[in-house]
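Comments concern the structure below.
The values are calculated or read from the model by the stated rules, or taken from the named source; none is laboratory data. Owing to the predicted nature of the structure, the values given are computational and were not obtained by experimental measurement. Quick reminder, even Gly has a Cβ in these numbers, built from the backbone with ideal geometry, and neighbours come from all protein chains shown. Just the protein is used for accessible areas: all its heavy atoms, side chains included, with ligands, DNA and RNA removed. Shrake-Rupley method; radii C 1.70, N 1.55, O 1.52, S 1.80 Å.
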Amino acid sequence: MSGNQALVLTYHRVASGRDPFGQAVTPATFSAQMESLRGLAEVVPLEALDRPERGRRVAITFDDGYGDNARIAAPILLASGLPATFFIPGRVVAEPGEYWWDRLEHLHLDNAPSVPALTLAIRGRELTVDLRSAAGRLRSLKALNRRFRTLGLDEIDSLVEQVRVRLDAEPTVPCDEHAVLTSADLAALADQPAFEIGSHAFTHTMLSALSPREQERELVDSRRTLEEATGREVTSLAYPYGIEGAYDAATIEAARTAGYARACTNVGGSGSRRDLFRLPRRMVLDWPADAFASRVRDWFRA
C-alpha cells in the first residue's frame, strides 16, 4: 500500500421512494454505509486532501442541493461525527424549484401518457420513443435525460415544455421528494463546522456546452450567491455532471479565475497524484454496508 491514498465519494440524495435515475441511497443504507466507512479509512474534509499525508483518507461529498441532504443526511453525518461537502447550484438560493429532469420524471411516470409514442426533434435530429409500457416510459425518460443534459438551460426548458404539450399533460406540480434546500436548510448546513458549502455552478448546466465567458459567469455568480447566503467562503467546486466532456480547459481556467481552490469531477479514481482541478470521485449507490465496504476497498486498490 502506498503511503498516501485518497478517495472522494459522491452522493446525490438520501431518500426512499421512486428513483428512476438510481441516484438515491435510503436513509437506513446511508447510516449503515457511514458506520462501515469509519472502519475503512480516516474521513476528512475535502480540503484536507489538498495536502498529502500517509494512510487511507476519504472525503464525502453531495451534489445538487436536494432538501434531504439537510433533513436526512446531515443528522446521520453529525451523529457519526463525519465531515462532508455539499455542492449546491447557486440557483437553489436564487430560484428554488424542481430541476428539469425531475419535471421530466413527473411527465413520464406520474400518469400513463395519453399518446402511444413521443417524437421530438433535438437540434435537427428526430427521436421517437414508445410510451405504451412502464418500461418504455422509463427508457424514454432516460434517453431524453442523456440528450438534454448536453444543451443550454433555455433550450432544455423549451424541450421539456414541448414534451409536456406532446403528451397532452398538465403543468407539473413540485413534490416534496424533489424539493431543493430551503434558505433555512442551507443556513443549518453552513452553521455546522463539519460541513463545507461548495459550488455546483449556478444553473447546473453542463459547462462545456457554454462559451468561456458564460462558464466564468456561471462559476462567479454561484460562488458569490452561496457566500452571500451562508456568510462562508466557498472554495470548492464540482462540475455539473462531471463526466468526461462535461468540462474542458476553458472550464478549468474559469474555475481558477473565479477563485476556487479545487474542483471535483465524476470520473473515477483514487491515489496520491492529483490535479486539484480534476479531482476524481466515486459515485455511491444504494449498496448494503458489506457491498459498500467491498467497493471502497477495491477503489483504494485501483
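Of all residues assigned to the range 3-10, none qualifies as being open to solvent by less than 10 Å² (accessible area, probe 1.4 Å), assigned to a helix (DSSP H, G or I) and of a type in the set (A, V, I, L, M). Here is a check on your reading of the model: is ALA73 touching a Leu at 6+ places or on another chain (Cβ under 7 Å), crowded, with 21+ Cβ neighbours inside 10 Å and at pLDDT 95 or above? Taking the combined requirement at face value, the residue does not satisfy it. Filtering the range 76-91 to residues that are open to solvent by 10 Å² or more (accessible area, probe 1.4 Å) and closer than 22 Å to PRO174 by Cα leaves only ARG91.
The C-beta contact set for the range 283-302 (first residue closer than 16 Å to SER31 by Cα and at pLDDT 95 or above, second residue exposed (fewer than 14 other Cβ atoms within 10 Å of the Cβ) and not small (Gly, Ala, Ser), distance under 6 angstrom, 6+ apart or interchain) is empty.
When the range 249-288 is filtered for residues that are buried (at least 17 other Cβ atoms within 10 Å of the Cβ) and not in a loop (DSSP other than H, G, I, E, B), the ones remaining, listed by number, are ALA250, THR251, ILE252, ALA254, ALA255, ALA258, ARG262, ALA263, CYS264, LEU279, ARG282.
Every residue in the range 1-41 that is touching a Leu at 6+ places or on another chain (Cβ under 8 Å) and β-branched (Val, Ile, Thr), please. VAL8, VAL25 - these are the residues of the range 1-41 that are touching a Leu at 6+ places or on another chain (Cβ under 8 Å) and β-branched (Val, Ile, Thr).
Condition first: within 24 Å of GLY55 (Cβ to Cβ), small (Gly, Ala, Ser) and modelled with pLDDT of 95 or more. Now tell me which residues in the range 23-40 satisfy that.
ALA32, SER36
Within the range 37-61, if we keep just the residues that are in a helix (DSSP H, G or I) and open to solvent by 30 Å² or more (accessible area, probe 1.4 Å), the residue that is farthest from GLY198 (Cα to Cα) turns out to be ARG38. Of all residues in the range 113-157, those that are of a type in the set (Gly, Ala, Ser) and exposed (fewer than 12 other Cβ atoms within 10 Å of the Cβ) total 6. Of the strands (runs of 3 or more DSSP E) that lie entirely inside the range 69-135, not one contains 3 or more residues that are over 16 Å from the mean Cα position of the chain (by Cα) and in contact (Cβ under 8 Å) with a residue 60 or more places away in the chain. Taking every residue in the range 222-246 that is within 14 Å of PHE87 (Cα to Cα) and open to solvent by less than 40 Å² (accessible area, probe 1.4 Å) and pairing it with any residue that is among the basic types (Lys, Arg) and part of a helix (DSSP H, G or I), at least 6 positions away or on another chain, the pairs with Cβ-Cβ distances below 6 Å are VAL234/ARG223. Which one of these is touching a residue at least 24 places away in the same chain (Cβ under 8 Å), over 25 Å from TYR260 (Cα atoms) and not hydroxyl-bearing (Ser, Thr, Tyr): GLU196, GLU170, GLU177? Going through GLU196, GLU170, GLU177 in turn, the sole match is GLU177.
Counting the residues of the range 170-194 that are crowded, with 17+ Cβ neighbours inside 10 Å, hydrophobic (A, V, I, L, M, F, W, C) and more than 19 Å from the chain's Cα centre (by Cα) gives 0.
Keeping to the range 203-221, report how many residues are open to solvent by 30 Å² or more (accessible area, probe 1.4 Å), part of a helix (DSSP H, G or I) and in contact (Cβ under 8 Å) with a residue 24 or more places away in the chain. Number of matching residues: 6.
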